[in-house]
Amino acid sequence: MPIANCKRCGRMYNRMGREICPNCIREEDKMLNDIRSYLRKNKLANITEVAEGTGVEYEIIVDMIRDGRLMLRDNPNLMYPCERCSTPTQAGRFCASCTQELARGLSVASAELRDKNSQEPKGRGFYSRSN
Ligand SMILES: [Zn+2]
Ligand SMILES: [Zn+2]
């Protein structure tokens, strides 16, 4: 079993998939429960209000949403900025349009790479002479 330092409290633990130790997982579960019950009563709360209402740090709440541990269904105001353009978003690291753009950018980049490879001159002596 691999031993790791907990990302959250720094203690050594037997790593089982998560980057935090069983103690911290328990604590996080408790926080998640607190957040969920707060949200049931305050559907229109934003993250700052949830942080104040539950005592859980803003960044931890955002992390939970990003990781998909905290699912937002009826909470339209629970938003955090996209990592790329800062547009408020409710899931993942990027907003919907950045996700789309990044996906497009990736396919453009790989298409360019394909073109470049196919246009590469082949069999010209002076390219290999410098080796
Ligand atoms: Zn820990
Ligand atoms: Zn964005």
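The values are calculated or read from the model by the stated rules, or taken from the named source; none is laboratory data. For clarity, every value in this text was computed on a predicted model and none was experimentally measured. Virtual Cβ from ideal backbone geometry, glycine too; neighbours counted across all protein chains shown. Areas reflect the complete protein model, heavy atoms only, side chains present, ligands, DNA and RNA absent. Shrake-Rupley method; radii C 1.70, N 1.55, O 1.52, S 1.80 Å.
See the values below:
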quantity	calculated
Helical mean residue ellipticity (222 nm; -39500 (n - 2.57) per DSSP H run of 4+; nearest 500) of the chain	-16000 deg cm²/dmol
Under 5 Å, built H, 5+ apart or other chain: amide partners of Ile20	Lys7
Modelled label reach - Gln90, point 7 Å along Cα→Cβ, the range 37-74 residues with backbone N closer than 13 Å	43-47, 71-74
Dipole of the chain [Lys/Arg +1, Asp/Glu -1 at C-beta], most positive-end residue of Gly105, Thr48, Cys21	Gly105
Distance between modelled label sites at Ser107 and Gln119, nm, 7 Å Cα→Cβ extension	2.1
Two-decimal ratio, the range 20-78, of alpha-carbon radius of gyration to 2.2 N^0.38 Å	1.04
Distance histogram for the chain (every C-alpha pair counted, 10 angstrom bins, percent rounded to whole numbers)	11, 27, 22, 17, 10, 8, 4, 0
Residues whose placed amide H lies under 5 Å from that of Arg15, excluding near-sequence neighbours	Ile3, Ala4
Heavy-atom surface of the chain, accessible at 1.4 Å and reported per residue (Å²)	72
Spacing of the two label points (7 Å from each Cα toward its C-beta) at Thr99 and Asp63, in nm	2.2
